[in-house]
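Here the structure comes first, spelled out in structure tokens, and everything after it is commentary.
The values are calculated or read from the model by the stated rules, or taken from the named source; none is laboratory data. Note that the structure is predicted; figures quoted are calculated from it, not measured. All Cβ positions, even for glycine, are placed from backbone atoms using ideal geometry, and neighbour counts span all protein chains on display.
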Amino acid sequence: MSKYIHLRRNGVSLLIDAGSTAGALPRIVHYGADLGETPTLENVRPHNENAKWGARLDEPVEPCILPGIEAGYFGVPALEPAHAGHWSLDGVSETSRSVTFRLKAILPRGDVLGLEVEYRLASQGVLASQVRVVSGDADVSNRLRRVASLCLPLSSETIDLVTLGGDWAREFSIARQTLPSGCFTLESRRGRPGHDRYPAVFLGARHFDEMHGEVYAVTLGWSGSHRITVERLREGRVVVQASELLSDDETLGAQYQAPWCYAAFSAQGLNGVLQKLHAFAREELIPPAVAAKPRPVHYNTWEAVYFKHDLETLKGLADRAAGVGAERFVLDDGWFKGRNNDRSSLGDWVVDSTKYPHGLTPLIEHVCKRGLEFGLWVEPEMINPDSDLARAHPDWIRRDGAGLVLQRHQAVLDMGNAEVRAFLLKALDTLLARNDIRYLKWDMNRDVTGGGHHAYVAGVYALIDDLRARHPSVEIETCASGGGRCDYGMLTRSERVWVSDSNDALDRFDIQRNANLLLPPEISGVHVGPQRCHITGRTLGLDLRAHVAMFGHMGLELDLRELGAKESERLGAHIANYKRFRSLIHAGRYWRIEPPDPDHKAVGVSNEAGTEALVLLVRVGSHALGQGSILRIPGLDERAAFSVGAVLPVSRGVEHSLALSLRSGNYLQTGRVLSAVGLELFLPRPETSLLLHIKLQ
Ligand code: DGJ
């Protein structure tokens with residue numbers, strides 16, 4: 001066994017001291033900047049091993065790959081219960097891209113636990129890690145409470161911490177803080193990640209920003225309860241850990257595989273790290289259908305009709321949707337037996353015969369004739385007490401202690417029960433077999449109260465996997481009242497994420513931009529909503545709404561009957577732009593761009609070669625109403641010359657304030673000047689936007 005294991009890819013090194021020294025457990029010495037071909041491994045950032053200081057062990061203990069199973073580690077243990085002192089390293093297997101350690105840990109009461117800890121360094125330099133229980137005494141699984149999927153030591157320079165939280169309709173708000181003393185904990189106990197605690201942390205040197213500074217991202221690929229801790233050890237190092245959080249009534253089981261956890265590193269700020277995560281998600285996580293097929297423009301019925309389904313109205317909406325260029329028609333909530341509001345019918349997955357006396361076929365045929373694919377909303381995990389299913393199988397409903405805690409008038413099915421899953425599989429299978437449905441919007445509109453969270457999520461995964469195996473060409477969108485469940489575990493099972501219920505373009509611009517720290521734009525669903533947002537009540541123009549929707553997987557979610565001919569035509573022009581640019585937006589490098597003033601925000605996408613870019617500038621505020629902003633455009637080949645032009649249509653006020661050369665697409669500039677000096681632009685009104693296309697001259 002070699003003493004050091006060094007994996008290198010895409011400018012990133014993972015260096016592990018494999019513990020050949022007697023008495024030492026393997027430990028991660030370094031994950032981050034590339035160390036080069038032949039580093040003197042022993043001397044990588046030597047620790048002050050001999051530093052003597054008061055009130056310390058004579059030999060302070062560095063975090064190993066599963067800290068807490070060795071004596072003298074005082075940080076958060078990677079196993080619960082952890083025990084100090086008895087362990088052995090039984091073997092190591094290596095490939096050029098991965099390493100797996102086999103360990104035995106002897107827990108309190110003498111339980112012997114066999115574990116495998118695997119690290120893979122993917123081509124993008126993203127680290128994937130998993131811990132598996134491979135053997136154990138009979139009782140050990142009953143006592144094991146938590147296994148960290150990854151325990152990553154970072155340098156003492158790690159100071160700033162960014163997390164993503166918020167609420168329904170305001171997901172992915174950024175919270176930035178200096179690492180507190182003690183231990184920072186991000187936990188979800190909702191049986192899903194929730195709108196408020198996305199399972200990821202971004203960590204880095206002080207003041208890292210979009211373009212600069214060393215940044216680490218760590219995210220857990222698990223769609224249930226989780227715990228991420230970040231702590232500074234007294235000796236200086238920072239340790240980040242991520243685990244699934246079990247409910248109090250659960251045990252891990254002898255075959256437990258902790259969820260995969262992912263880490264990324266970049267010295268180029270948040271953009272560097274998000275671009276690596278996007279590349280990784282594209283190549284390793286997201287189902288291949290996404291790359292194989294341009295993301296079709298959606299028309300979703302929810303905000304147009306809610307529960308009021310009427311065949312002729314829906315056909316008319318499909319006609320209008322086709323007219324403006326939509327490519328997929330998604331029939332949202334309200335189509336199944338007795339579903340006239342949110343108080344009843346979840347569980348009864350048969351078509352409502354009053355609304356659809358001849359089934360869904362007449363609508364589907366109509367939609368398909370107009371050249372659109374048909375998609376359907378479902379919420380399989382849930383049940384209304386007022387439903388045939390609840391009356392027939394009250395025992396399938398998860399109970400919370402003595403009673404039933406409802407959310408949106410609904411309860412949760414016992415997804416750990418194979419009988420329940422078989423019923424749901426059959427119901428969904430029947431729907432898909434009988435109807436030409438190409439797409440399912442899979443919703444989940446409540447938290448999972450009570451215990452059994454692991455069994456719940458494992459059951460959901462099993463059901464989706466079984467359904468996908470039977471219908472491999474049906475795409476699935478994951479939704480949980482918007483973005484309540486769109487972690488990297490769900491990404492392996494979904495072609496689209498409904499990022500938020502808010503169609504307010506100003507809020508949505510932030511929500512998308514922050515969600516895209518982890519989610520690539522092609523799977524991030526974003527819709528052009530009605531002029532007056534149903535959630536915030538804010539009235540916003542069509543150009544802004546369409547521009548914001550273009551930078552993801554574009555859709556429409558408004559009553560198209562409200563649009564006049566001119567507005568429909570303008571919407572059609574924006575959709576045509578999306579189609580023109582979607583291959584760039586959906587495969588390129590995504591950039592968070594920070595204009596220097598608080599009134600403006602921007603995002604951009606450039607292609608791999610740096611020969612083309614699309615940038616969206618939004619004026620959000622009016623602190624300095626008479627002033628414009630500076631837009632620096634990253635990602636371009638610095639030596640090349642480019643032409644820059646506004647993408648039409650442009651809002652009237654914006655057009656008047658635009659240099660003639662930009663209006664006509666004749667503004668010529670080098671990549672170097674565009675990125676270092678930028679463009680000076682003036683959008684005279686808040687809540688307006690400008691889309692710029694930059695191409696090789
Ligand atoms: C919540 C989703 O986020 C909405 O888009 C819509 O599908 C409703 N559920 C339907 O009940």
Any chance segment 662-681 includes a residue that's out of contact with any His (no Cβ under 7 Å at 6 or more places or on another chain), surrounded by fewer than 16 Cβ atoms within 10 Å (Cβ to Cβ), touching a residue at least 40 places away in the same chain (Cβ under 8 Å) and among the polar types (S, T, N, Q)?
no
Do you know which residues across segment 450-493 are more than 19 Å from the chain's Cα centre (by Cα) and within 16 Å of the ligand (Cβ to nearest atom)?
none
Of Pro287, Pro259, the only residue that is in contact (Cβ under 8 Å) with a residue 24 or more places away in the chain, assigned to a loop (DSSP other than H, G, I, E, B), under 24 Å from the mean Cα position of the chain (by Cα) and surrounded by fewer than 21 Cβ atoms within 10 Å (Cβ to Cβ) is Pro287
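Specify which of the listed residues (Ala549, Ala576) is assigned to a helix (DSSP H, G or I) and within 16 Å of the ligand (Cβ to nearest atom).
On the way: Ala576 fails: within 16 Å of the ligand (Cβ to nearest atom).
Being assigned to a helix (DSSP H, G or I) and within 16 Å of the ligand (Cβ to nearest atom) holds for just one of Ala549, Ala576, which is Ala549.
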Check on Asp447, in a loop (DSSP other than H, G, I, E, B) and within 16 Å of the ligand (Cβ to nearest atom):
yes
Out of segment 590-606, which residues are without any contact (Cβ under 8 Å) to a residue 40 or more places away in the chain and either surrounded by fewer than 18 Cβ atoms within 10 Å (Cβ to Cβ) or touching a helix residue (DSSP H, G or I) at 6+ places or on another chain (Cβ under 6 Å) (or both)?
Pro596, Asp597, Pro598
For segment 310-343, give me each residue that is in contact with an Asp or Glu (Cβ under 7 Å, 6 or more places away or on another chain), farther than 30 Å from Tyr578 by Cα and in contact (Cβ under 8 Å) with a residue 60 or more places away in the chain.
Arg343
How many residues are within 11 Å of the ligand (Cβ to nearest atom) and either part of a loop (DSSP other than H, G, I, E, B) or closer than 20 Å to Val201 by Cα (or both) when one looks only at segment 498-513?
5
Give the number of residues within segment 193-210 that are part of a loop (DSSP other than H, G, I, E, B) and either farther than 16 Å from Gly165 by Cβ or in contact with a strand residue (DSSP E or B) (Cβ under 6 Å, 6 or more places away or on another chain) (or both).
12
Sort out which residues of segment 300-338 are part of a helix (DSSP H, G or I), more than 14 Å from the ligand (Cβ to nearest atom) and among the small types (Gly, Ala, Ser), and write them in order of number.
Gly316, Ala318, Ala321, Ala322, Gly323
Criterion (closer than 19 Å to Val474 by Cα, outside any strand (DSSP E or B) and at pLDDT 95 or above) met by exactly one of Leu389, Leu363, Leu346
Leu363
